[in-house]
Amino acid sequence: MSKKKTTKSPKAAKRTTQVKKDAKGRFWIVPKDGGAEQGPFDTKKLALDAKAGAPTTEAKATKPAKAKKEPKAKKVGALDAAAQVLAASKEPLNCKAMIEAMAKKGLWTSPGGKTPHATLYSAIIREIALKGKQSRFAKKDRGLFLANA
């Protein structure tokens, strides 16, 4: 029988220290040959960085914390804007008139589509079909809508 020769990997040969965690949750770098311990470190990453010779976070320049951005006001969609326009109007409107009124009031503008009135008409019809009496819109006549009271 022949004996296999075991060779240590280069990583195993380089490891002369290890990272251990104590009972308080702190991390320490402990040499395997019985030398002096280094630490304590708050996180294992800090301990590994110190083990590799990287500067600790105290030596690194810390970035200032970013200020939280204030949430932007939610944009009003075409359907919501149409509901507002119809609620303010006393007479039934067709979709082209609603689009023009929304643009005048600054509630909503088309993002560049060629037929926003057709899209609005389709969305209003879908809401009426889906919600029925709870819909914000009521169909008065062909192509004319009122705010549902």
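Structural remarks
- 28 Å Cα-Cα threshold exceeded, pairs from Lys104/Lys140; Lys68/Lys104; Lys96/Lys133: Lys68/Lys104
- Cα gyration tensor category, rounded, prolate or oblate, for the range 58-138 with a/c compared to 1.5: prolate
- Per-residue ³J(HN,Hα) for the range 91-108, Karplus 6.51 cos²θ - 1.76 cosθ + 1.60, θ = phi - 60°, Hz, x for Gly and Pro: 10, x, 10, 8, 5, 5, 5, 5, 4, 5, 5, 5, 5, 5, 7, x, 6, 7
- Length gained when the stretch Arg142-Ala87 is fully extended (0.36 nm per residue, less Cα-Cα span): 17.9 nm
- Charge dipole of the range 63-149 about the Cα centre (unit charges at C-beta), most positive-ward option of Gly143, Pro64, Ala83: Pro64
- The H on the amide N of Leu93, modeled in the peptide plane, is under 5 Å from the matching H of Phe145, each at least 5 residues off or on a different chain.
- The residues of the range 18-125 have, on average, 76 Å² of accessible surface per residue, using a 1.4 Å probe with all protein chains present.
- Site pair Asp22 and Lys66 shows an inter-label distance of 3.6 nm when each label is modelled 7 Å from Cα along Cα→Cβ.
The values are calculated or read from the model by the stated rules, or taken from the named source; none is laboratory data. Bear in mind the structure is a predicted one, so any value in this text is a computation, not a measurement. Cβ atoms come from the backbone with ideal geometry, glycine included; neighbour counts cover every protein chain shown. Just the protein is used for accessible areas: all its heavy atoms, side chains included, with ligands, DNA and RNA removed. Shrake-Rupley method; radii C 1.70, N 1.55, O 1.52, S 1.80 Å.
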